[in-house]
1. Out of the residues in segment 18-33 meeting the condition of being among the aliphatic types (A, V, I, L, M) and without any contact (Cβ under 8 Å) to a residue 40 or more places away in the chain, tell me which one is farthest from Asp46 (Cα to Cα).
2. Counting only residues that are of a type outside the set (Gly, Ala, Ser) and over 17 Å from Phe71 (Cα atoms), which one in segment 26-42 is least open to solvent (accessible area, probe 1.4 Å)?
3. Among the residues that make up segment 69-92, is at least one of them open to solvent by 50 Å² or more (accessible area, probe 1.4 Å), among the acidic types (Asp, Glu) and at pLDDT 95 or above?
4. Tell me which residues, restricted to segment 24-59, are charged (D, E, K, R), out of contact with any strand residue (DSSP E or B) (no Cβ under 7 Å at 6 or more places or on another chain) and at negative phi.
Amino acid sequence: MPKRGSAPIQGEMLMGTLDVLVLKTLTLGPAHGYTIANAIERGSEDVLQVEHGSLYPALHRLEDRGWIASFWGTSENNRRARYYRLTPKGRRQLQTEVQQWAQLVHAIGLVMRPVDEAD
């Protein structure tokens, strides 16, 4: 449950937001899908809920773009799992995405500020 009293956000992320969250998560090191989803959920204090139906297509898309690479490994439960890691191209893309995200947040903040502060 979210700590701030908000309902979890499921399937409502802006287009491209999941991609940047995955890239950011992989800066911590290689991880498999379940770990990536949990890291995003924990990092957002459980506000963002990552659905597997969204995560795996995003992972494939990022791999197709060369931003992440995958390999087979053994999970914590001794099961075969596909792991993903950030590539140098992905690190560069993450920097671009973070800059664009900051611009977007700023622009939305300008539009959302109360009318009396608009002057």
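The values are calculated or read from the model by the stated rules, or taken from the named source; none is laboratory data. Predicted model, so just to flag it, every value in this text is computed and none were measured. Please note: Cβ atoms are built from the backbone with ideal geometry, for glycine as well, and neighbour counts cover all protein chains shown. The accessibility values were calculated without ligands, DNA or RNA, using every heavy atom of the protein model including side chains. Shrake-Rupley method; radii C 1.70, N 1.55, O 1.52, S 1.80 Å.
1. By that ranking, first place goes to Leu28.
2. Ile40
3. To start, the set of residues in segment 69-92 that are open to solvent by 50 Å² or more (accessible area, probe 1.4 Å) comprises 71-72, 74, 76-80, 82, 85, 88-89, 91-92.
Of the ones still in play, those that are also among the acidic types (Asp, Glu) are 76.
Checking which are at pLDDT 95 or above leaves us with none.
No, segment 69-92 has no match at all.
4. If the condition is that a residue be charged (D, E, K, R), out of contact with any strand residue (DSSP E or B) (no Cβ under 7 Å at 6 or more places or on another chain) and at negative phi, then Lys24, Arg42 are the ones that fit.
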